[in-house]
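Asks: I'd like to ask some things about the structure below.
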Amino acid sequence: MTSRPAPPPDHADHEHADSDHAQPGPAEPDHAPPAPRTAARLPPTPLVRPGDVGPVAWHLLVRDGQLVPLREDVALPAEVRPTPALRAAALAPLVPARCAVARAAAVWVHVGGTPPGRIDVVAPPGARVPDPAPGRTGATASLPDADVVLLGGVRVTTPRRTAVDLLSQDPPGLALPLVARLRAAGVEAARVRADVAAASGRRGVRAAAALLPALEDAVAGADRAVGTATRRRPAAPPSRP
């Protein structure tokens, strides 16, 4: 009886066997998620305007949280804390030489909060009053050096001068809350009372003097609001040993 040769091994069996002994490949390294592409478009300056990056990039940067608007036309990178100097510099295009930011806009520069829709700019006697522009009004007023401070390269009325101007020129419903906010810049009601008395004879000072009792009530109300907000804050959890 003639023996038959053994059939050649099946290639599928070899492939299956090789796959059983195959070693796993190296694990793919983990990669941190890339930063938003818009972050690369930020210019190397704290203040960013739509013209610096283009309107489309501006929208994307704000949407991605890379920019935080200070006003509608200027923003800061998210990691930059707003300061009085930066807020003042944001208004620089609206403030000609020798002029100063005043009234509600000056309050915003000194203590922050919601930016005003209108920027009041005052020019000293002999200086050119700035022409009216969208979002800006101009007027002439005495501006002694003691009543002006330079912030971010921009002249701004001091908190004390700002308080007198607001009480003299703005409606009580607007002036009183703004002057009360100037407490954060060190303006006390007693100091405002003395400044109003010293400004006797200036336009609007009589109206400002009539508002002083209401100012003390507004300041007391602001203090109570701050105290209530502080008490409502949840206590920090106890630290673990």
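The values are calculated or read from the model by the stated rules, or taken from the named source; none is laboratory data. All values reported here derive from a predicted model rather than from experimental measurement. Note that we place each Cβ from the backbone using ideal geometry, even for glycine, and neighbour counts take in every protein chain shown.
Asks: If you check Ala133 against the conditions, is it under 21 Å from the mean Cα position of the chain (by Cα) and either at pLDDT below 95 or among the basic types (Lys, Arg) (or both)?
Replies: On the way: under 21 Å from the mean Cα position of the chain (by Cα): no; either at pLDDT below 95 or among the basic types (Lys, Arg) (or both): yes.
No: the conditions fail for Ala133.
Asks: Out of everything in the range 87-104 that is crowded, with 18+ Cβ neighbours inside 10 Å and outside any helix (DSSP H, G or I), what residue ends up being nearest to the chain's Cα centre (by Cα)? Break it down stepwise before answering.
Replies: First pass over the range 87-104, keeping only residues crowded, with 18+ Cβ neighbours inside 10 Å: 87-91, 94-95, 99-104.
In the following step, the residues that additionally are outside any helix (DSSP H, G or I) were identified as 91, 95, 99-102.
Working: Leu91: 12, Val95: 19, Cys99: 23, Ala100: 20, Val101: 17, Ala102: 18 Å.
Across the range 87-104, the extreme among qualifying residues is Leu91.
Asks: Could you check the range 145-177 and list, in sequence order, the residues that are among the charged types (D, E, K, R) and over 19 Å from Arg118 (Cβ atoms)?
Replies: Start the filter on the range 145-177 by keeping residues that are among the charged types (D, E, K, R), which leaves 145, 147, 155, 160-161, 165, 170.
Of everything in the range 145-177, those that are among the charged types (D, E, K, R) and over 19 Å from Arg118 (Cβ atoms) turn out to be Asp145, Asp147, Arg160.
Asks: Something else now. If Leu212 meets every condition in (1) within 20 Å of Val111 (Cβ to Cβ); (2) modelled with pLDDT of 90 or more apart from one, which number is that one?
Replies: Looking at each condition in turn, Leu212 falls short on (1).
Asks: Any residue at all in the range 184-192 that's surrounded by 14 or more Cβ atoms within 10 Å (Cβ to Cβ), among the β-branched types (Val, Ile, Thr) and at pLDDT 95 or above?
Replies: No, the range 184-192 has no match at all.
Asks: Another question, then. Looking for something in contact with a Pro (Cβ under 6 Å, 6 or more places away or on another chain), closer than 20 Å to Ala208 by Cβ and either buried (at least 19 other Cβ atoms within 10 Å of the Cβ) or modelled with pLDDT of 95 or more (or both) - is there at least one such residue anywhere in the range 108-130? Even if it seems obvious, please write down each step before you answer.
Replies: Here is the first cut: in the range 108-130, the residues in contact with a Pro (Cβ under 6 Å, 6 or more places away or on another chain) are 108-110, 121, 130.
Checking the rest, the ones that are also closer than 20 Å to Ala208 by Cβ come to 110.
Those left that are additionally either buried (at least 19 other Cβ atoms within 10 Å of the Cβ) or modelled with pLDDT of 95 or more (or both): 110.
Within the range 108-130 (the criterion being in contact with a Pro (Cβ under 6 Å, 6 or more places away or on another chain), closer than 20 Å to Ala208 by Cβ and either buried (at least 19 other Cβ atoms within 10 Å of the Cβ) or modelled with pLDDT of 95 or more (or both)), the answer is yes, since at least one residue qualifies.
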